[in-house]
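Only one structure is covered here, and it is reproduced in the block below.
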Amino acid sequence: MTPAYVWIDGGLTPWNEAHVHVTALGWSTMSGVFEGIKAYWNDSDGQLYGLQFKEHYDRFARSMKMMRMETSFTPDDLSRASAQLLQANECREDNYVRPLAYFADVTWFGSARGERTSIVIHTAPFKSGLGSGRTVRACVSSWTRIGENQLSPRIKCISNYQNSRMALLEALQDGYDQPILLNSVGKVTEGPASCLFIVRDGVAITPSLTSGILESVTRSTILRLCRETLQIPTQEREIDRTELYVADEAFFCGTGAEIQPIRDVDHYSIGDGSVGPITTQIEAAYHAMVRGRTPSFRGWRVPIYQTAVVA
Ligand code: PMP
């Protein structure tokens, strides 16, 4: 089942006509930047809620800026485009919205000024793991997280994910579900496509934004949920590898990953290996927020079937 439309450079294109030429493969996407955005279906409201479009498209704009990509589309334009696309595709289940910006015409680095940037957005159904009780087994990767003065993890560009991919492949090969990458000075950074929290003595701790991580929307969301509704103390600081081993609780978080409780790291059990009480509270609060089961944080949700769309 493919969706009816893809949004390309300002308009809806039928899925079957959304082609690029084969010669565009390769270098054109080397600098490509992307986002992973969610929309959650709420059965009792009969509504699909787009999640944090503004936060994602603001980061998309920052990634484009760092790659020296130019576009006439503002984050607001792209938010409206996403709502329009979800409506046109008649999405009535949890969905992933995937925007990509790339230099459409380059056959080499893309170093000339004013290269044409193309933006594509597509949607795909997504099965949420929230509330499922799933847990994951993690390891510390033998791969070092890319750093600020090599390839900045702050830029959500496709090339950065080669580092994530190497770590993920190794972890899967070794029988784990997810790797945790350390930075060049041995401090904890993040997973291949998610940020990380540990809980020690009732405090939810996450690596600081200058540890070599993506500026994650979900990480900030969890910090706000902890501070403003759950009254869980938080810290943003460096985390040592061995703190993972003695943490009471630990979880990955991300738009795609949602809240993924970690059962063990390098075979050290986290707590008693089951989902801890603080993770449980955070997951429940996050789930209620994304699905629009709570009136709080209304500004984070875009009701798709009430959005006036200017075609
Ligand atoms: N780190 C990396 C490397 C990621 O790919 C993601 C997923 N976008 C995250 C963290 C989590 O970011 P967010 O909460 O904005 O989805």
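The values are calculated or read from the model by the stated rules, or taken from the named source; none is laboratory data. What you are looking at is a predicted structure, and each value in this text was computed from that prediction instead of being measured. For neighbour counting, all protein chains shown are included, and Cβ atoms are generated from backbone atoms with ideal geometry for every residue, glycine included. Accessible surface is based on the protein model in full, side chains and every heavy atom, while ligands, DNA and RNA are left aside. Shrake-Rupley method; radii C 1.70, N 1.55, O 1.52, S 1.80 Å.
Under the condition of being of a type outside the set (D, E, K, R), open to solvent by 20 Å² or more (accessible area, probe 1.4 Å) and either closer than 13 Å to residue 281 by Cα or not in a strand (DSSP E or B) (or both), the residues counted in the stretch 224-234 number 4.
Would you confirm whether any residue within the stretch 152-164 is closer than 28 Å to residue 297 by Cα, open to solvent by 50 Å² or more (accessible area, probe 1.4 Å) and in contact (Cβ under 8 Å) with a residue 24 or more places away in the chain? The answer is yes, given that some residue of the stretch 152-164 is closer than 28 Å to residue 297 by Cα, open to solvent by 50 Å² or more (accessible area, probe 1.4 Å) and in contact (Cβ under 8 Å) with a residue 24 or more places away in the chain. Just one of the listed residues (65, 54) is within 16 Å of the ligand (Cβ to nearest atom) and either within 30 Å of residue 113 (Cα to Cα) or within 17 Å of the chain's Cα centre (by Cα) (or both), and it is 54. What is the number of the single condition among (1) within 16 Å of the ligand (Cβ to nearest atom); (2) part of a loop (DSSP other than H, G, I, E, B) that residue 98 does not meet? For residue 98, the exception is condition (2).
Kindly evaluate residue 140 against the criterion of being within 19 Å of the chain's Cα centre (by Cα) and open to solvent by less than 30 Å² (accessible area, probe 1.4 Å). Against the criterion (within 19 Å of the chain's Cα centre (by Cα) and open to solvent by less than 30 Å² (accessible area, probe 1.4 Å)), residue 140 does not qualify. Filtering the stretch 202-223 to residues that are within 13 Å of the ligand (Cβ to nearest atom) and open to solvent by 30 Å² or more (accessible area, probe 1.4 Å) leaves 209, 215, 220. So, in the stretch 105-125, how many residues would count as being in a loop (DSSP other than H, G, I, E, B), buried (at least 18 other Cβ atoms within 10 Å of the Cβ) and touching a strand residue (DSSP E or B) at 6+ places or on another chain (Cβ under 9 Å)? Of the residues in that region, 2 qualify.
Applying the criterion of being of a type in the set (A, V, I, L, M) and free of Cβ contacts under 8 Å to residues at least 40 places away in the same chain to the residues of the stretch 107-151, the residue that is nearest to the ligand (Cβ to nearest atom) is 151.
Scan the stretch 72-81 for residues that are open to solvent by less than 60 Å² (accessible area, probe 1.4 Å) and in contact (Cβ under 8 Å) with a residue 40 or more places away in the chain and the total you get is 4. Checking each residue of the stretch 283-296 against the condition of being more than 19 Å from residue 186 (Cα to Cα), of a type in the set (D, E, K, R), at pLDDT 95 or above and surrounded by fewer than 17 Cβ atoms within 10 Å (Cβ to Cβ) gives at least one match.
Please work out if residue 84 is at pLDDT 95 or above, under 21 Å from residue 156 (Cβ atoms) and open to solvent by less than 50 Å² (accessible area, probe 1.4 Å). The answer is no for residue 84.
How about the stretch 235-257: which of its residues are away from the ligand (no atom under 16 Å from the Cβ) and either without any contact (Cβ under 8 Å) to a residue 60 or more places away in the chain or assigned to a loop (DSSP other than H, G, I, E, B) (or both)? Matches in the stretch 235-257: 235, 237, 238, 240, 242, 243, 245, 246, 247, 248, 249.
Residues are listed down the side, and each one gets a yes or a no for (1) modelled with pLDDT of 95 or more; (2) over 17 Å from residue 87 (Cβ atoms); (3) not in a loop (DSSP other than H, G, I, E, B):
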residue: 7; (1), (2), (3): yes, no, yes
residue: 12; (1), (2), (3): yes, no, yes
residue: 16; (1), (2), (3): yes, yes, yes
residue: 20; (1), (2), (3): no, yes, no
residue: 23; (1), (2), (3): no, yes, yes
residue: 28; (1), (2), (3): no, yes, yes
residue: 41; (1), (2), (3): yes, no, yes
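One residue stands out among those in the stretch 165-193 that are away from the ligand (no atom under 12 Å from the Cβ) and charged (D, E, K, R): the one that is most open to solvent (accessible area, probe 1.4 Å), which is 174.
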